[in-house]
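Down below is the structure, laid out as structure tokens.
The values are calculated or read from the model by the stated rules, or taken from the named source; none is laboratory data. Just so it is clear, the model here is predicted, and its values are computed rather than measured. Every residue, glycine as well, gets a Cβ built from its backbone with ideal geometry; the counts of neighbours run over all protein chains shown. With ligands, DNA and RNA removed, areas are computed over all heavy atoms of the protein, side chains included. Shrake-Rupley method; radii C 1.70, N 1.55, O 1.52, S 1.80 Å.
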Amino acid sequence: MIESDRPIPALRIGSFNCNGLGNRNKRDLVLNWLKNKPEEIFLLQETHSTPKTEEDWRRAWEGEILFNHGSSNSNGEIFLFKQNAGIKIESHKIIVQGRTSFVEIELNAVKYCIVNVYCPNSNVTMVVENTFAEALGRPRDDYLILAGDWNTVLCNHLDKEGGNPSHSNSSRQAFLNTMIAEYGLSDVLRLARGDTRLYTHINKQHKTRTRLDFFLVDDSLINFPVCNPEITHGYNSDHSYISLNIQGSSIERGKGYWKFNNSHLEHENFTNCVREIIHDTESQSYDSYSGLWDVIKMKIKDYAIRYGKNAKKKK
């Protein structure tokens, strides 16, 4: 995580589990669909790419491609960059073959590390453990963004519908919530949408809906004037397309920027209301401390904004 008073140029990222792009016709259709998206960087999972198909990919995509191959019928994840986006690629590292990798980039003198994640559908944590160890263990002077198909949910209550009450990949769920709490990361969509039930994957056979695809970002990014996550329809896949648009400044205030006013803590009525918010939220059903903490932060922020506006009117 870094702190800087430099304006942050717009960074637009999309992530999509494409359910296999080994077939050339489907691959061309999906890549053309992505070309019409506003995002400049795309994180693809379940690409089914191999060294033999690299040239086919390069002929179909006009910008830079960074491969982490799987096999012709499983795994694989890829970074795509649009041409002329002004993005300088500093490095690319494969962490787990066919599963996770990161790219370090620079955009107008601002540095980011973006991690592409495709976790297996099994209750093991090896992939995420190795991924976080590599991403957090680097010498860091950049903003960290992780995204992809995590094959688990962060909160059973809000991110899952149908089937068993709890997601079967519970060990990975617990590991992710621990990382979020201990390393200053945020589930940016949950912060933006509160306790709204949201899903990115539909399993018609088991009649379940789950939010398996999401962004985790440095806490320092979430108060920027623009930090907008979205879920939209995918293309020829049972996964949705997720995107993130970030721009602004970490210090300079602009429209939509919010920073907590510490002077509110001197007012007993404010602190009493905050205690009530925490107590009322804790009494609700949350299966993870991270999910509970994100909702508490969102509610306190909303209350603090209203409190500040009312205090100004009374002056």
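Just a few scattered comments:
- When residues of segment 206-227 are limited to those that are modelled with pLDDT of 90 or more and open to solvent by 40 Å² or more (accessible area, probe 1.4 Å), the one farthest from Leu158 (Cα to Cα): Lys207
- Extreme residue, farthest from the chain's Cα centre (by Cα), among residues of segment 185-205 that are among the basic types (Lys, Arg) and either surrounded by 23 or more Cβ atoms within 10 Å (Cβ to Cβ) or farther than 24 Å from Ile296 by Cβ (or both): Lys204
- Qualifying residue in segment 45-53 (condition: crowded, with 20+ Cβ neighbours inside 10 Å, in contact (Cβ under 8 Å) with a residue 24 or more places away in the chain and charged (D, E, K, R)): yes
- Of all residues in segment 21-44, those being open to solvent by 10 Å² or more (accessible area, probe 1.4 Å) and more than 28 Å from Asn108 (Cα to Cα) number 7.
- Condition met for Gly162 (open to solvent by 30 Å² or more (accessible area, probe 1.4 Å), touching a Ser or Thr at 6+ places or on another chain (Cβ under 6 Å) and small (Gly, Ala, Ser)): yes
- Per the listing Glu62, Glu77, the residue uniquely among the charged types (D, E, K, R) and open to solvent by less than 30 Å² (accessible area, probe 1.4 Å) is Glu77.
- Cβ pairs under 8 Å, 6+ apart, first in segment 126-141 and under 16 Å from Tyr112 (Cα atoms), second open to solvent by 60 Å² or more (accessible area, probe 1.4 Å): Phe132/Tyr183; Glu134/Lys93; Leu136/Tyr183; Arg140/Met1; Asp141/Lys111
- Only one of Ser71, Ser91 that is among the small types (Gly, Ala, Ser), exposed (fewer than 14 other Cβ atoms within 10 Å of the Cβ) and in contact (Cβ under 8 Å) with a residue 24 or more places away in the chain: Ser71
- Per-region count, segment 174-205, residues under 13 Å from Asp159 (Cβ atoms), out of contact with any strand residue (DSSP E or B) (no Cβ under 7 Å at 6 or more places or on another chain) and of a type in the set (Val, Ile, Thr): 1
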